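J.: Have a look at this one before I ask anything.
Rule-based calculations on the coordinates, nothing more; no lab input. All figures in this text were calculated on a predicted structure; none of them were measured in a lab. In this analysis, Cβ positions are derived from the backbone assuming ideal geometry, glycine residues included, and neighbour counts consider all displayed protein chains.
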Amino acid sequence: DAGITQSPRHKVTETGTPVTLRCHQTENHRYMYWYRQDPGHGLRLIHYSYGVKDTDKGEVSDGYSVSRSKTEDFLLTLESATSSQTSVYFCATSRGRGEKLFFGSGTQLSVL
Amino acid sequence: TQLLEQSPQFLSIQEGENLTVYCNSSSVFSSLQWYRQEPGEGPVLLVTVVTGGEVKKLKRLTFQFGDARKDSSLHITAAQPGDTGLYLCAGDNNDMRFGAGTRLTVKP
């Protein structure tokens, strides 16, 4: 399986503070994704990238931004965290569109 | 409203029983994937179906893709406690969208 590392694994922050989550992959996959997982909603796509500096919005992109300056790294930023952004965040990668997704172990984010 | 609707949301059965879970949409997908997720971990791919009407078997698990490529089902024969987990379907609709999942518990 692809080596996907998410950092941090857990974070507690206060409302209004900026937060950046990092996803690092070692498999040279072209596509990278950020999902959030909440009870009753499954996995919802926040943003995805189809190449270096090529990103697009998903279904719940408001309040989030992303950057991909290198193939291996995909950053998710919450500019001003809100309590509604408390969630488990998963990064995923795939070789191409529609292909198998490889997931990281997730980041538990709590916004107080 | 989810693009992919999964049912049932929760399912609790005894070891040895059979079960079917469903993934439905009004959209057509070029492919559909099924994942299983265990607590504290990311989802892991079980199967990808691509052709309408396709049936794939993975040991005791049988996956079917609807003829119109809008829906899919997962059938488990003689369920075991090790099958316990969250089953998620995902469709390729220019990006990968997931259903809310079916949480399966198999009691010994």
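J.: How big is the antiparallel share of DSSP beta bridges in the protein assembly as shown, given as a percent to the nearest 5? Don't jump to the answer; show the numbers that get you there.
T.: Working: 73 of 82 bridges.
Within the protein assembly as shown, antiparallel bridges account for around 90 percent of the total.
J.: Using a simple charge model, +1 on the beta-carbon of Lys and Arg, -1 on the beta-carbon of Asp and Glu, nothing else, what dipole does chain A show about its Cα centre, in debye to the nearest 20? The partial results should precede the final answer.
T.: On the way: 13 positive and 12 negative charges, 40 e Å.
With only Lys, Arg, Asp and Glu charged at Cβ, the dipole is about 200 debye.
J.: Measure off 7 Å from each Cα along the Cα-to-Cβ vector at B:THR105 and A:GLU79, then give the distance between these two points in nanometres to one decimal.
T.: With each label point 7 Å from Cα toward Cβ, the separation is 4.3 nm.
J.: Another question, if that's okay. ³J(HN,Hα) across the stretch B:65-76 via Karplus (A = 6.51, B = -1.76, C = 1.60, θ = phi - 60°), whole Hz, x for Gly/Pro?
T.: Taking θ as phi minus 60°, the curve returns 9, x, 4, 8, 6, 10, 8, 8, 9, 10, 10, 10 Hz for the stretch B:65-76.
J.: Return the whole-Å distance between the Cα centroid of the stretch A:76-103 and the Cα centroid of the stretch A:17-56.
T.: So the separation of the two Cα centres works out to 3 Å.
J.: Same structure again: Show which aspartates and glutamates lie in cross-link reach of B:LYS57 when reach means a straight Cα distance below 16 angstrom and same-chain residues fewer than eight apart are skipped.
T.: Within reach: B:ASP83.
J.: What trypsin sites (Lys or Arg not before Pro) in the stretch B:8-108 are in a loop by DSSP, with at most 11 other Cβ atoms within 10 Å of the Cβ? Walk me through the numbers before you get to the answer.
T.: Values: sites: B:ARG36, B:LYS56, B:LYS57, B:LYS59, B:ARG60, B:ARG69, B:LYS70, B:ARG97, B:ARG103; in loops: B:LYS59, B:ARG60, B:ARG69, B:LYS70.
For trypsin sites (Lys or Arg not before Pro) across the stretch B:8-108 that sit outside H, G, I, E and B with at most 11 neighbouring Cβ atoms in 10 Å, the list reads B:LYS59.
J.: Quick check on the stretch B:34-108: take the gyration tensor over C-alpha atoms, sort the square-rooted eigenvalues as a ≥ b ≥ c, and tell me if it's rounded (a/c under 1.5), prolate or oblate. It would help to have the intermediate numbers written out before the result.
T.: Details: a/c = 2.39, a/b = 1.35, b/c = 1.77.
Judged from the Cα gyration tensor, the stretch B:34-108 comes out oblate (a/c at least 1.5, b/c at or above a/b).
J.: Under a point-charge model restricted to the Cβ atoms of Lys and Arg (+1) and Asp and Glu (-1), what is the dipole moment magnitude of the protein assembly as shown relative to its Cα centre, in debye to the nearest 20?
T.: Dipole magnitude for the protein assembly as shown comes out near 280 debye.
J.: So which lysines pass the test for A:LYS70, namely a Cα distance under 29 Å, with those fewer than 8 places away in the same chain ruled out?
T.: Filter leaves A:LYS11, A:LYS53, A:LYS57, A:LYS100.
J.: Right, something else. Work out the FRET efficiency for A:THR86 and A:HIS41 from their Cβ-Cβ distance, taking R0 = 22 Å, and round it to the nearest 0.05. Each step should come with its number before you reach the end.
T.: On the way: r = 13 Å, r/R0 = 0.59.
The formula returns an efficiency of 0.95 here.
J.: So what J values fall out for the stretch B:31-44 if you push phi through Karplus, 6.51 cos²θ - 1.76 cosθ + 1.60 with θ = phi - 60°, rounded to Hz, Gly and Pro as x?
T.: These are the phi-based 3J(HN,Hα) values: 7, 9, 10, 10, 10, 10, 10, 10, x, x, 10, x, x, 10 Hz.
J.: Shape verdict for chain A, please, from the Cα gyration tensor: rounded (a/c under 1.5), prolate (a/b greater than b/c) or oblate.
T.: On the way: a/c = 1.67, a/b = 1.60, b/c = 1.04.
Here chain A falls in the prolate category.
J.: When A:ASP73, A:ASP54, A:ASP62 are ordered from fewest to most other Cβ atoms inside 10 Å of their Cβ, what list results? Don't jump to the answer; show the numbers that get you there.
T.: Working: A:ASP73 14, A:ASP54 11, A:ASP62 6.
Going from least to most buried by this count: A:ASP62, A:ASP54, A:ASP73.
J.: Taking a cut-off of 17 Å between Cα atoms, list the lysines near B:LYS70, but don't count ones fewer than 8 places away on the same chain.
T.: The qualifying lysines are B:LYS56.
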